[in-house]
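Working notes, beginning with the structure itself.
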């Protein structure tokens, strides 16, 4: 099913300062998540951030907070954010059934949250380039489990263009100027 910005939520799981230095692909995950968070704000797609035990693992990376300063932040102790009653209640009340999910560690908190969301009848979209673990193999296995359970793997560009829908309106022109064109230029220089 195609993403619809009126029914989507971007959920960024535990990209925290104390954890990121040991995450393989952590920098890319933050860069991609921050880019999509900025575009999400422009398109009125809510952005939620979770923090697993921030006293020990630190807070959400500052780049994410800069990209989505009005994002809801959730502290959690369950690996599955949806197992936290206030989180589950707020998500149900929000009424958005498509959850684009990313973060770390892919095989622990991202996976368990995705499985919890799927079990609660949400449609889960695994943001491939922004899900990372200490070891790449763990992230790959988590991705396979989520897809086997009914989740869909997507890229940040897929989400962006599905949310935008068309190229002949003011939203696209603004998104192109602020996000799409600079991203394309950055990717060409790698």
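For this structure, a couple of remarks:
- Test result for residue 77, within 24 Å of residue 23 (Cα to Cα) and buried (at least 18 other Cβ atoms within 10 Å of the Cβ): no
- Number of residues in the range 144-159 that are within 24 Å of residue 40 (Cα to Cα) and out of contact with any helix residue (DSSP H, G or I) (no Cβ under 7 Å at 6 or more places or on another chain) equals 6.
- Residue count, the range 63-84 (criterion: without any contact (Cβ under 8 Å) to a residue 40 or more places away in the chain and over 22 Å from residue 4 (Cβ atoms)): 14
- Some residue of the range 162-170 being at pLDDT 95 or above, touching a helix residue (DSSP H, G or I) at 6+ places or on another chain (Cβ under 8 Å), within 24 Å of residue 46 (Cβ to Cβ) and buried (at least 18 other Cβ atoms within 10 Å of the Cβ): yes
- Residue in the range 45-60 that is in a helix (DSSP H, G or I), under 26 Å from residue 180 (Cβ atoms) and in contact (Cβ under 8 Å) with a residue 40 or more places away in the chain present: no
- Those residues of the range 1-23 which are crowded, with 17+ Cβ neighbours inside 10 Å and either over 21 Å from residue 175 (Cα atoms) or more than 13 Å from the chain's Cα centre (by Cα) (or both), in sequence order: 3, 5, 13, 14, 15, 16, 19, 20, 23
- In the range 93-102, the count of residues that are buried (at least 16 other Cβ atoms within 10 Å of the Cβ), over 30 Å from residue 176 (Cα atoms) and in contact (Cβ under 8 Å) with a residue 40 or more places away in the chain is zero.
- In summary, residue 70 fulfils each of the numbered conditions (1) surrounded by fewer than 22 Cβ atoms within 10 Å (Cβ to Cβ); (2) in contact with a strand residue (DSSP E or B) (Cβ under 7 Å, 6 or more places away or on another chain) with the single exception of condition (2).
The values are calculated or read from the model by the stated rules, or taken from the named source; none is laboratory data. As the structure is a computational prediction, the values presented were derived from the model and not from experiment. All Cβ positions, glycine included, derive from the backbone under ideal geometry; neighbour counts span all protein chains shown.
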